[in-house]
Each structure stands twice: as structure tokens, then as C-alpha cells.
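Visitor: Provided herewith is a single structure, encoded as C-alpha cells, for subsequent inquiry.
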Amino acid sequence: MDYKIILAIIAICIGLSSYIPYFRSMIAGKTKPHAFSWLIWSVTAAIMFAAQITSGAGPGAWISAAYTISCLIVFIFALRKGEKNIVFLDWLSLLGAGISLFFWYLTNSPLLTVIIITLIDCIGYIPTIRKSYHAPYEENTDLYFWSGMSYLIALFAMRTYSIITLLNPVVLVIANLLFVTMLLWRRKANVKH
């Protein structure tokens, strides 16, 4: 079997298995995902999957397909079990993502698509960061850490290496690890108070 397929399968298994404790925590009411973030991430993961596949990423793109489905499921759960305190910044982030999607729709450039989608992914973190800064125990560090690791593994499963195939997963590795770092820092700061 092709080692890139094996790496893609490992990345997907790690990524999807990290959702099991996340769903348990959501159902128990401990984790309260922000629906806006998960809606944005489900849309961008689907677009990213299409962009990567058409750019020859091969098995390395499969993780984007898996995350499309996972993010959509979390979004549906978040509507019922998620963050209920929606503030102006959250609406502004959703609007910014929507406007960016409009500009993405107008472009025919795969590179510009990836840049815009990566920007939208980053905008998607804003509601979750805002919520988690004040309530750092309402997010699950394991999910974001292992999501980052699964994207890291998926990088090695790419058949073609280019800015188009690599930019988004590299940014997601960094964004997930920075988010985990922020959560741990805020939890430590909350313990001191």
C-alpha cells in the first residue's frame, strides 16, 4: 500500500477519534462550542478539500473531507448545546467570513482561493477565542491539539507540494496549537485568581 494513503488514514483516524471525547463533553454540557466558528470551518473545509483535490494533493486532502463532516456535526450540536452568548464581534466575524466567501466566489484562481479560505478559517477562530478567553474550560484542548497533529501528518500525505496544497493545513496546525496554548494559559491564569 502507498505510504501516503497510510499517512492519510492515520491522520483521519487521529482527527476523527479526537472528536469522541469532544462530543461526550458537549453532551455532558462541559464543552460549549461556538456555532459560528463551526459553521465557518465546515464551509471552508469543504472548499479546501475541493481546492486540494483539483490541485493534485491526493490522499493528503482526505483530512479536509473528514473535517468537513465533523465540523458540520459539531455545528448542528452547537446550535443546541453550544455557546448562547453571541456578541457583536461574533456577528462581525460571521459577516467577515461571508464577505470573504463572496470574494472567493468571484475568483477563478486556485491560489487566491486557498489564501481567502485560509483567511476565513482564521476569522472562524475569533468567536471561539473570544468565548474561550473568558471561559477556558468550555473548550476541549485535546480536540484542537490532535486536529493540529492530524493536519501535520496529512502534510506528508500530499502527492503534490505547493502553496495551494500546503498553506491551509500549515496555518491550521499553527492555529490549533496556538489556540491550545491560549486555553492552557487562561486556565492557569484562572487558577491563580
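Visitor: Using Cα springs under 10 Å in a Gaussian network model of the chain, which residue among 94, 39, 112 shows the largest mean-square fluctuation?
Guide: In the Gaussian network model the winner is 112.
Visitor: Quick one: among 40, 153, 20, which has the greatest mean-square fluctuation in a GNM of the chain with alpha-carbon springs under 10 angstrom?
Guide: 20
Visitor: Another question, if that's okay. Binned at 10 Å from 0, what are the whole-percent values of the Cα-Cα distance distribution for the chain, short to long?
Guide: Percent of pairs per bin, in order: 10, 37, 36, 15, 2, 0.
Visitor: Using only the alpha-carbon atoms, how far is helix 88-106 inclined from the longest principal axis of the chain? Give it as 0 to 90 degrees, nearest 10.
Guide: 10 degrees
Visitor: Where a ≥ b ≥ c are the square roots of the eigenvalues of the C-alpha gyration tensor, would you call region 99-184 rounded, which needs a/c under 1.5, or, failing that, prolate if a/b is larger than b/c, or oblate? Please report the intermediate quantities before stating the final value.
Guide: On the way: a/c = 3.74, a/b = 1.40, b/c = 2.67.
Oblate shape, in that a/c is at least 1.5 and b/c is the bigger or equal ratio.
Visitor: How high is the FRET efficiency between residue 156 and residue 133 when r is their beta carbon distance and R₀ equals 45 Å, given to the nearest 0.05?
Guide: Numbers: r = 33 Å, r/R0 = 0.73.
E(calc), rounded to 0.05, equals 0.85.
Visitor: Using the alpha-carbon atoms, what tilt in degrees (0 to 90, nearest 10) does helix 163-192 show relative to the longest principal axis of the chain?
Guide: Compared with the principal axis, the helix lies near 20 degrees.
Visitor: With a sphere of radius 13 Å drawn around the Cβ of residue 165, what net charge do the other residues whose Cβ falls strictly inside it have (Lys, Arg +1; Asp, Glu -1)?
Guide: Once positives and negatives cancel, what remains is +2.
Visitor: Report the one residue of 190, 51, 100 whose Cα lies farthest in the direction of the positive end of the charge dipole of the chain (charges on C-beta: Lys and Arg +1, Asp and Glu -1; origin at the Cα centre).
Guide: Value computed over the given set: 190.
Visitor: FRET efficiency for residue 30 and residue 9, Cβ-Cβ distance as r, R0 = 41 Å, nearest 0.05? Intermediate results must be reported in sequence, preceding the final value.
Guide: Details: r = 30 Å, r/R0 = 0.73.
Computed FRET efficiency for residue 30 and residue 9: 0.85.
Visitor: Using a cut-off of under 20 Å, list every residue of region 150-185 whose amide N is near the label point 7 Å from the Cα of residue 108 along the Cα-to-beta-carbon line.
Guide: 164
Throughout, read-outs are computed from the coordinates displayed, never taken from laboratory work. Fair warning: this is a prediction, and the values are worked out from it, not measured in the lab. Cβ sites come from the backbone with ideal geometry, for glycine too, and all protein chains shown count toward neighbours.
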